[in-house]
Amino acid sequence: MDIEEPVTMNQEGLSLPVGDPVTLIDGAAGTETIDAGVLVELYRRLVLGRRFNQQATALTKQGRLAVYPSTTGQEACQVGAVLALADEDWLFPTYRDTLAVLTRGVDPAEVLTLLRGDWHHGWDPHAHRVAPLATPLATQTVHAAGLARAAQLRGDSLAVLAMIGDGATSEGDFHEALNFAAVGRSPVVFFVQNNGYAISVPIDKQTAAPTLAHKAIGYGMPGVRVDGNDVAAVYETVRAAADRARAGGGPTLVEALTYRVDAHTNADDATRYRDAEEVEAWLRRDPVVRMENHLRVRGLLDEAMVEEFREGAERMAGELRARLSTDPDPDSSAGAGADALSLFDHVYARPTSQLLEQRALLARELAAGKRAAKEAIA
Ligand SMILES: Cc1ncc(C[n+]2csc(CCOP(=O)(O)OP(=O)(O)O)c2C)c(N)n1
Ligand SMILES: [Mg+2]
């Protein structure tokens with residue numbers, strides 16, 4: 001059977017993402033088109049991010065954090081993509097994107113609230129236009145596409161950055177979100193951090209596509225590959241995609257090539273599924289060192305600035321350690337007047353009978369617990 005006429009696409013001029021990923025800091029293009037102040041700020045944020053990861057990992061060892069998915073090695077992705085956003089834009093992060101949330105301006109202790117094991121996620125999403133960290137894979141992509149569509153219908157000019165891992169691109173939600181955003185030409189930047197693994201599953205077991213960026217073409221949006229360990233390249237690529245989105249050009253899929261230097265979380269042993277040489281090779285492409293070297297060669301960074309940024313990161317880490325080393329009171333963590341029963345407050349606008357039953361059960365348990373404690377003291 002002959003294949004008939006080619007299908008007419010709604011989008012003109014889409015081409016497959018072939019060739020090398022976008023690289024600026026040690027590529028031919030260079031960083032001259034980016035403001036020097038922005039470049040230095042990108043580096044300062046990388047230094048803060050590296051220290052934030054070290055501190056959060058230490059807090060898991062002290063039992064102060066329940067779990068921490070480290071972004072060591074992926075700092076350029078999270079810093080570059082978020083600094084590329086405008087104030088009016090929205091960010092939809094995953095559990096791995098704590099540094100992205102920090103870079104958006106959320107208080108460091110609030111960033112870690114969920115990972116501390118609290119029942120709420122810590123910050124007001126509207127204050128910085130940052131949605132909660134999504135643990136169920138790819139669910140944030142449909143929320144992002146929905147918010148972008150709503151903004152379009154209301155006539156608000158903004159872009160939405162939906163962050164996602166390589167493994168999560170196999171979820172149905174990812175497909176639905178890309179399709180929905182492309183059909184509506186909604187202002188979304190889908191930003192995949194391809195760090196090579198979904199826990200122990202390597203990327204070649206995840207997809208048969210030549211690259212993750214190729215998937216964009218099937219939905220009718222551009223797909224771009226970028227060096228995810230080059231903070232300037234990530235910044236420029238996401239900035240261009242977000243500008244395009246705000247101008248009505250529709251969504252873009254960006255695949256950033258990076259590496260998760262630490263294990264999946266503190267509960268994982270990565271030596272069981274990858275060898276030391278692979279890790280070493282990526283350490284030679286460390287995003288913080290690469291940017292530092294680049295800025296020094298360009299004469300934009302000196303020893304005093306490096307020292308100042310390190311001291312700033314040290315102060316942030318010290319304050320974070322102090323704040324997370326106090327014992328949280330589980331009955332008042334949601335603020336004044338809140339207690340364990342407030343768990344039931346935000347489930348439904350009108351609680352179901354089962355929920356009311358469960359609430360009453362917990363209320364009886366709590367009262368019995370208090371009585372028992374009083375008797376023990378008496
Ligand atoms: C719907 C769903 N299925 C399974 C999981 C369990 N899970 C947590 S992280 C993870 C791997 C995700 O890998 P990737 O998307 O590459 O992100 P990374 O952790 O590498 O940043 C899996 C399978 C989950 N959280 N949600
Ligand atoms: Mg991954």
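The values are calculated or read from the model by the stated rules, or taken from the named source; none is laboratory data. In this text the structure is predicted, and so the values were computed from the model without any measurement. Please note: Cβ atoms are built from the backbone with ideal geometry, for glycine as well, and neighbour counts cover all protein chains shown. Calculation scope for accessible area: heavy atoms of the full protein, side chains included, ligands and nucleic acids excluded. Shrake-Rupley method; radii C 1.70, N 1.55, O 1.52, S 1.80 Å.
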- Query: Counting Lys +1, Arg +1, Asp -1, Glu -1, what net charge surrounds Glu277 among other residues with beta carbon under 15 Å of its beta carbon?
  - Reply: 0
- Classify the stretch 231-378 as rounded, prolate or oblate from the Cα gyration tensor: take a ≥ b ≥ c as the square roots of its eigenvalues, call it rounded if a/c is under 1.5, otherwise prolate when a/b beats b/c and oblate if not. prolate
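What whole-number value in Å² describes the accessible area per residue of the stretch 174-234 for a 1.4 Å probe?
Result: 34 Å² per residue.
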- Message: Charges at C-beta only: +1 for Lys and Arg, -1 for Asp and Glu. How large is the resulting dipole of the chain about its Cα centre, in Debye rounded to 20?
- Response: 920
- Rg(Cα)/(2.2 N^0.38 Å) for the stretch 123-176, N = residue count: 1.19
- Item | Electrostatic dipole magnitude of the stretch 71-194 [Cβ: Lys, Arg +1; Asp, Glu -1; Cα centre; debye, to 20] | 200
- Helix-derived [θ] at 222 nm for the chain: sum -39500 (n - 2.57) over DSSP H runs of at least 4, divide by residue count, nearest 500? -13500 deg cm²/dmol
- Query: Rg/Rh for the stretch 84-125: what does it come to with C-alpha atoms and Rh from Kirkwood?
  - Reply: 0.96
- Task: Largest first and to the nearest Å, give the Cα extent of the stretch 252-322 along each principal axis.
- Result: 41, 36, 33
- Query: When the Cα atoms of the stretch 214-303 are enclosed in a convex hull and the volume is divided per residue, what value in Å³ results?
  - Reply: 164
- Task: Could you tell me which of rounded, prolate or oblate describes the stretch 82-152, using a ≥ b ≥ c as the square roots of the eigenvalues of the alpha-carbon gyration tensor, with rounded for a/c under 1.5 and, failing that, prolate when a/b is larger than b/c and oblate otherwise?
- Result: oblate
- If you take the charge dipole of the chain about its Cα centre, with +1 on Lys and Arg Cβ and -1 on Asp and Glu Cβ, which of Gln152, His294, Ile217 is farthest toward its positive end? Gln152
- Query: Counting Lys and Arg as +1 and Asp and Glu as -1, each charge on the Cβ, what is the dipole of the stretch 39-144 about the Cα centre in debye, to the nearest 20?
  - Reply: 500
- Query: Just how far, in whole angstrom, is the stretch 274-330 from the stretch 356-378 if you go by their alpha carbon centroids?
  - Reply: 47
- Note on the structure: Where a ≥ b ≥ c are root eigenvalues of the Cα gyration tensor, a/c under 1.5 meaning rounded, otherwise prolate if a/b exceeds b/c and oblate otherwise, the stretch 79-228 counts as oblate
- Just need log10 I(q)/I(0) for the stretch 1-152 at q = 0.10, 0.20 Å⁻¹, Debye formula, equal scatterers on the alpha-carbon atoms, no solvent, rounded to two decimals. -0.48, -1.31
- Task: Can you tell me the order of 315-323, 19-27 when each peptide is scored by its average per-residue count of other Cβ atoms within 10 angstrom, highest first?
- Result: 19-27, 315-323
- Convex hull per residue volume in Å³, alpha carbons only, for the stretch 218-262: 76
- Message: What do you get for the angle between helix 172-183 and the principal long axis of the chain? Use alpha-carbon atoms, 0 to 90 degrees, nearest ten.
- Response: 50
- Report the local net charge at Glu303: Lys and Arg +1, Asp and Glu -1, summed over other residues whose C-beta lies under 14 Å from its C-beta. -3
- Message: Between the stretch 125-155 and the stretch 11-46, how far is it from one alpha carbon centroid to the other, in angstrom?
- Response: 26
- Message: Suppose the chain between Trp119 and Glu303 were pulled fully straight at 0.36 nm per residue; how much longer would it get relative to their current alpha carbon spacing?
- Response: 61.9 nm
- Considering only DSSP beta bridges with both partners in the chain, what is the antiparallel share in %, to the nearest 5? 10
- Sequence ranges 137-150, 206-219, 300-313, ranked by mean other-Cβ count within 10 angstrom, highest first: 137-150, 206-219, 300-313
- Message: Net charge around Gln140, counting only other residues with Cβ within less than 13 Å of its Cβ (Lys, Arg = +1; Asp, Glu = -1)?
- Response: -3
- Please express the Cα-Cα pair-distance distribution P(r) of the chain as a list of whole percents, one per 10 Å bin, running from 0 to the bin with the greatest distance. 5, 21, 30, 24, 12, 5, 2, 0, 0
